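Enquirer: Please see the structure below; I have some questions.
The values are calculated or read from the model by the stated rules, or taken from the named source; none is laboratory data. It should be emphasised that the depicted structure is a prediction, and the values quoted were computed from it without experimental measurement. Positions of Cβ are backbone-derived with ideal geometry, glycine not excepted, and every protein chain shown enters the neighbour counts.
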Amino acid sequence: METILVLTHVDETGSALTKASLEAVSAGVELARQHTATLTIGILGVDATAAAGAVAATGARLLAVSGEAFAQPRYATDAAGCEALCRAAQASIVLAPGSSRFTRVAAGVAHRLGGWIDTHITSLSSNDSVDATRWFYRQRVEATISREARPWFLLLDAGTHAAFAGEAAAAQVEVVAVTLPTVRTTVEGLRSPMRDAQTIRPDARLLFVAGAGWTKKQPDGQIHVAEAGELILAFLRLSGASLGSSKSLADQKAEGEQSVLPFLTHMNQVGQTGSTPRHAKGLSTCCHGEEPHVVGWRFIGERRAISLDPNCGWTRGKADVVYIADAFQVMAKVNALLEARS
Ligand SMILES: Cc1cc2nc3c(=O)[nH]c(=O)nc-3n(C[C@H](O)[C@H](O)[C@H](O)COP(=O)(O)OP(=O)(O)OC[C@H]3O[C@@H](n4cnc5c(N)ncnc54)[C@H](O)[C@@H]3O)c2cc1C
């Protein structure tokens, strides 16, 4: 019989679990139910015991490693904390969110436990064995993996499971002692970009995609790049959407041929040679909707597009709703409505 451990960690408040951790908890609860396996949840963070109440409703055994050493992500301390949780749980299957904090240490912890690890897991199922799925080759090939080796560590991609949302309750938490290694890395603080500069927001409900049309000559014979930039940034500010880009738009900066949108980089590029983000909704603007771009929309729930071209790719079955309209006019109106509402 399998023994399942879900490794979780706290968010920047220090005392609440991250959304990705709660998603891993849901996956663990479901897998334990399918397998009639025992479930343990391990929590790592400065005040891990305070965070435990949010998952008390699972009925799982709760383990915590707490203290100032875990206030900041750091390889030496996080690896020691996760190792201690794994040894205390004696788990055969270890699920963890594929967050930057755990992605950094999980392979090392698996090695210390003599285990195996697979990453970017999108779903789990259970027959006689535990099966995990992940995508390869730019989300084109989906593989199902199962392993004999134990302990088996599985890092789950964010957004692939619903976050656990049980009633918070008083929790009985076992505090696990950690023998800390010599710590050479001191975290002096965090530097994060301004909200306007950070345009990639994986947790946003909406993906807003800008295409090359924003920088093309418009019906008046002129280009309006400055206005395009203002409209896009205003929409991102008002809606909290994440910003994606077509390759044609992202490439313009690299080629330096004309003034382009300075806040866009190749990190924003969606598609075959870009990213495949997960959002509930997507709105494409000034983009033609060609296949190498739309392949990156695989995990977008509801798709809408604004294009001047009634024969664009979006109208050929790639979007749920297409507005044949001028995106400059539409987005100006949308921004005004959002502004009035806020
Ligand atoms: C191997 C390979 C890999 C590729 N990988 C990717 C990838 O990862 N991602 C990607 O995006 N592309 C990729 N491409 C390129 C892709 O095929 C397209 O060339 C690209 O997506 C086109 O970008 P676009 O639609 O923004 O630009 P365009 O094709 O120039 O389309 C601009 C659109 O904007 C519309 N428009 C103009 N003004 C307005 C307005 N005022 N209002 C509304 N609409 C307006 C026009 O009608 C037009 O439809 C790849 C291509 C190859 C060969």
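Enquirer: Can you tell me which residues in the stretch 64-110 are hydroxyl-bearing (S, T, Y) and surrounded by fewer than 23 Cβ atoms within 10 Å (Cβ to Cβ)? Spell out how you get there, then give the answer.
Expert: Just the residues of the stretch 64-110 that are hydroxyl-bearing (S, T, Y), to begin with: 66, 75, 77, 92, 99-100, 103.
Result: Y75, S92, S99, S100, T103.
Enquirer: Here is a further query. Which one of A305, A319, A250, A280 is within 30 Å of H120 (Cβ to Cβ), under 27 Å from the mean Cα position of the chain (by Cα) and loosely packed, with under 15 Cβ neighbours inside 10 Å? Steps first, answer last, please.
Expert: Numbers: A305 fails: loosely packed, with under 15 Cβ neighbours inside 10 Å; A319 fails: loosely packed, with under 15 Cβ neighbours inside 10 Å; A250 fails: loosely packed, with under 15 Cβ neighbours inside 10 Å.
Unique residue meeting the criteria: A280.
Enquirer: Given (1) more than 16 Å from the ligand (Cβ to nearest atom); (2) surrounded by fewer than 19 Cβ atoms within 10 Å (Cβ to Cβ); (3) within 18 Å of the chain's Cα centre (by Cα), identify the lone condition not met by F164.
Expert: Every listed condition holds for F164 apart from (2).
Enquirer: From the residues in the stretch 5-53 that are in contact (Cβ under 8 Å) with a residue 60 or more places away in the chain and among the polar types (S, T, N, Q), which one is surrounded by the most Cβ atoms within 10 Å (Cβ to Cβ)?
Expert: Selected residue: T8.
Enquirer: While we're on this one: Do the conditions hold for S242, that is, is it within 12 Å of the ligand (Cβ to nearest atom), buried (at least 22 other Cβ atoms within 10 Å of the Cβ) and of a type in the set (S, T, N, Q)? Explain how you work it out, then say what you get.
Expert: Values: within 12 Å of the ligand (Cβ to nearest atom): no; buried (at least 22 other Cβ atoms within 10 Å of the Cβ): yes; of a type in the set (S, T, N, Q): yes.
Here the answer is no, as S242 does not meet what is asked.
Enquirer: Follow-up. Hey, among the residues in the stretch 322-337 that are buried (at least 17 other Cβ atoms within 10 Å of the Cβ) and among the aliphatic types (A, V, I, L, M), which one's nearest to the ligand (Cβ to nearest atom)?
Expert: A327
Enquirer: Go through (1) out of contact with any strand residue (DSSP E or B) (no Cβ under 6 Å at 6 or more places or on another chain); (2) in contact (Cβ under 8 Å) with a residue 24 or more places away in the chain; (3) under 27 Å from S125 (Cβ atoms) and name the single condition G59 misses.
Expert: All conditions are met except number (2).
Enquirer: Looking at the structure I just gave you, is E227 more than 9 Å from the ligand (Cβ to nearest atom), of a type in the set (D, E, K, R) and either over 27 Å from A336 (Cα atoms) or modelled with pLDDT under 95 (or both)? First the steps, then the outcome.
Expert: Details: more than 9 Å from the ligand (Cβ to nearest atom): yes; of a type in the set (D, E, K, R): yes; either over 27 Å from A336 (Cα atoms) or modelled with pLDDT under 95 (or both): no.
No, not satisfied.
Enquirer: Looking at I200 and the list (1) under 28 Å from the mean Cα position of the chain (by Cα); (2) in a strand (DSSP E or B); (3) touching a residue at least 24 places away in the same chain (Cβ under 8 Å), which single condition is not satisfied?
Expert: Looking at each condition in turn, I200 falls short on (2).
Enquirer: Looking only at helices (runs of 4 or more DSSP H) that fall completely inside the stretch 232-342, which ones have 2 or more residues that are small (G, A, S), out of contact with any His (no Cβ under 7 Å at 6 or more places or on another chain) and over 21 Å from G159 (Cα atoms)? Reasoning before the result, please.
Expert: Working: elements: 247-255, 291-294, 327-341.
So the answer is 247-255, 327-341.
Enquirer: Same structure, new question: Residue under question is V295, and the condition is that it be more than 21 Å from H224 (Cα to Cα) and touching a residue at least 60 places away in the same chain (Cβ under 8 Å); does it hold? If you could, list the steps in order and put the result at the bottom.
Expert: Values: more than 21 Å from H224 (Cα to Cα): yes; touching a residue at least 60 places away in the same chain (Cβ under 8 Å): yes.
When the stated conditions are applied, V295 passes them.
Enquirer: A follow-up question, please. For the stretch 288-317, give me each residue that is more than 7 Å from the ligand (Cβ to nearest atom) and either in contact with an Asp or Glu (Cβ under 8 Å, 6 or more places away or on another chain) or hydroxyl-bearing (S, T, Y) (or both).
Expert: The answer is E302, R303, R304, G313, T315.
Enquirer: Considering only residues that are touching a residue at least 60 places away in the same chain (Cβ under 8 Å), farther than 11 Å from L243 by Cβ and more than 9 Å from the ligand (Cβ to nearest atom), which ones fall in the stretch 261-278?
Expert: Answer for the stretch 261-278, where residues must be touching a residue at least 60 places away in the same chain (Cβ under 8 Å), farther than 11 Å from L243 by Cβ and more than 9 Å from the ligand (Cβ to nearest atom): T276, R278.
Enquirer: Testing G189 on (1) within 28 Å of the chain's Cα centre (by Cα); (2) touching a residue at least 60 places away in the same chain (Cβ under 8 Å), one condition comes back false. Which one is that?
Expert: Single failed check for G189: (2).
Enquirer: Take the conditions modelled with pLDDT of 95 or more and surrounded by 17 or more Cβ atoms within 10 Å (Cβ to Cβ) and apply them to A204. Does it pass? Don't jump to the end; show me each part of the working.
Expert: Details: modelled with pLDDT of 95 or more: no; surrounded by 17 or more Cβ atoms within 10 Å (Cβ to Cβ): yes.
In short, no.
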